[in-house]
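The values are calculated or read from the model by the stated rules, or taken from the named source; none is laboratory data. Please read these numbers as outputs of a predicted model, since none were measured by experiment. The accessibility values were calculated without ligands, DNA or RNA, using every heavy atom of the protein model including side chains. Shrake-Rupley method; radii C 1.70, N 1.55, O 1.52, S 1.80 Å.
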Amino acid sequence: MAESGLAMWLSLLLLLLLPGPLPVAGMEDAAFPHLGESSQPPPRACPPRCSCPRVDTVDCDGLDLRVFPDNITRAAQHLSLQNNQLQELPYNELSRLSGLRTLNLHNNLISSEGLPDEAFESLTQLQHIYVAHNKLSVAPQFLPRSLRVADLAANQVMEIFPLTFGEKPALRSVYLHNNQLSNAGLPPDAFRGSEAVATLSLSNNRLSYLPPSLPPSLERLHLQNNLISKVPRGALSRQTQLRELYLQHNQLTDSGLDATTFSKLHSLEYLDLSHNQLTTVPAGLPRTLAILHLGRNRIRQVEAARLHGARGLRYLLLQHNQLGSSGLPAGVLRPLRGLHTLHLYGNGLDRVPLALPRRLRALVLPHNHVATLGARDLAATPGLMELNLAYNRLTSARVHHRAFRRLRALRSLDLAGNQLTRLPMGLPTGLHTLRLQRNQLRMLEPEPLTGLDQLQELSLAHNRLRVGDIGPGTWHELQALQMLDLSHNELSFVPPDLPEALEELHLEGNRIGHVGPEAFLSTPRLHALFLRCPKGGRRGGGGQGRAWEGHDGLSVQGQQASHDEHRGRGLPGAPKPARGGHSRESGAGPDPVASHHPTWATGRGPLILERSSRAAQTPGAPLGRGLKRQHPPWALCLALLGLQGWACSAWHWPRHRGTQLAYSRPTDHADLAGHALPQTPNTDGGSNNKAKPFQCSARTKHPSGALSTDSSPQPVQLGKLRLWDAKWVRTEF
């Protein structure tokens, strides 16, 4: 019994240990991965160096390819080969991509010989083709019927064929600008069977007349920069959907147009005929026209009959014509009841046109000969919001004190470049902007500014104002003033009692040599202050640090006037630092941080003091306006003590042209001192210019490669740069 039981257990053990039956062919589980195989699908084929973000997209952009890539999947619908060096497309490679919808060949070297016509025979689903910026001399003779957008711009195309763009019922946009097309290379049936084309660009070619048989579906037609001298009769008779027509920079004359040229364009809104040779306004303008640009022609007379049909006109541009004193008769524009903007600058007008449309909002008349402004010259346009009379011949004696009385809606008045010696009287109280620069103003009194409590910008630059010429209480009238430009006058110090709302103040080009302790007490919102000594004038000055107390978050920047003028030089005109790194003109002792008599000096570049509210919130961002790389500063010449919430910034130049160091003060009691320098110290502890050190006080530590805030009370020495209580930011541009 025992032996039989043992034999049974051994038999069971053998059954368990023996392998199962061998698999029979055809019995494998197809869903189970076999040995050496992966459960993941095989990777999609993609040409080397290209990217295939989707199964239907192949992107080989900008790889300097000289040969059409192989291994492009047949499933590709969008193929981009732009910005390469391809000279030809092989027919056998392209013909197998029958599912292509987009083919982008922009900016290659493909010639007409390298783009065989049969290459497109199999691309029956192609909708977008881009072959701009290549070397095609003729267009492809055949493009697929499915095409919607064709871009052949910026080639050398001299000829297109009937089936290039013809018989394409879905075609919407054709771009042929910047080629060498003449009328002989554009067949009359070029768009037969393509009744959906909305945009056609033929600008910058060699067309001598407007092509006939254009698609009737056109909405935008670009023909600028050609040699067009004539629009044949009936050439635009079918384009009833045309909204924009560009014919500027051609050779159109009055005889090249007739009364029917534009009369059938019942949808036309924008017509540009500028830079031609017209001597009169074209006839037959449609009622729908909203913008008519006739600038830079030879128009001597505007006839009322020519504008009779264009009563919907809103913008009329007649600048730089030859209207003179009689070319715009009184009331000739009155029928244009909806006219919004009238541009007439550079026409030799000797007075403001009379009887203008009442709804006119902008009248632009600079660079004329207007010498008088009477009491009723502007009475017909009470809704005027912008009036530009800059660079005329106006004098104070010939501007009537009631000239602006009716202009209650006026917001912007430009009288720059005239001969005014005092501010005009009766200025509209709703003005936001008043420009009076480049006149001969010798006095500034409160009375002309009375009631201008909405004025935000006032430019008085390039006049003859002195501080004594500014009457007491002048600025009290301008409670909303944010920008004041007093640059290039004859001021010897900062005018007192400036408006409280002031944010930007220009004082460069004056004779200011001293900034007193109370100079900016009235302007707590000041964000930007521009100071610069005139050439040959005093280049430094002294002032008390208390002058800027309460101006938290300001930044100090030096800006170069001419990059090339000072390349590789020191600081012409700036104070020369004495041995030990201190300015001889500053009067500072051995330790400028301990000095109580700060100095500033400007040289030729403007010194910009600018507030930045981001200083405490975004320590990683550059402060103030920043400086362009091509205009790095060559002088940062401000040394101020006791400033609260200020910031100073300097640029490394020329060795560190792209680096800005920005400094902001989070505390109220640290001192700041600086000296003129062309280059600030390196962040690795070296100094680019030991003879002209830059010193700011701050408490920080200096980890390798960066500058950051630290609570350590120990100062850090970076060459001549000593830091306490500050945040330093290094930003690469």
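What the table shows:
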| read-out | value |
| --- | --- |
| Compactness relative to 2.2 N^0.38 Å, alpha carbon Rg of the range 92-218 | 0.98 |
| Euclidean distance of C-alpha centroids, the range 411-432 and the range 206-236, integer Å | 46 |
| Calculated log₁₀ intensity ratio I(q)/I(0) where the Debye formula runs over C-alpha points of the range 182-269, q = 0.11, 0.20, 0.21, 0.26 Å⁻¹ | -0.26, -0.95, -1.06, -1.62 |
| Anisotropy class of the range 64-153 from Cα gyration tensor, a/c 1.5 cut | rounded |
| The range 322-405: relative contact order as a whole-number percent, Cα under 8 Å and 6+ apart | 27 |
| Residue-normalised accessible area of the range 133-211, expressed per residue, 1.4 Å probe, Å² | 38 |
| Paired Rg and Dmax values of the range 203-321, which use every Cα atom, in angstrom | 12.9, 36 |
| More than 17 angstrom apart: percent of Cα pairs within the range 416-455 | 29 |
| Sulfur and carbon atoms: percent of accessible area, the range 225-311 [1.4 Å] | 44 |
| Computed P(r) (all Cα pairs; the range 303-411; 5 Å bins; percent) | 2, 13, 22, 27, 22, 9, 3, 1, 0 |
| Per residue accessible area of the range 216-341, 1.4 Å probe, in Å² | 42 |
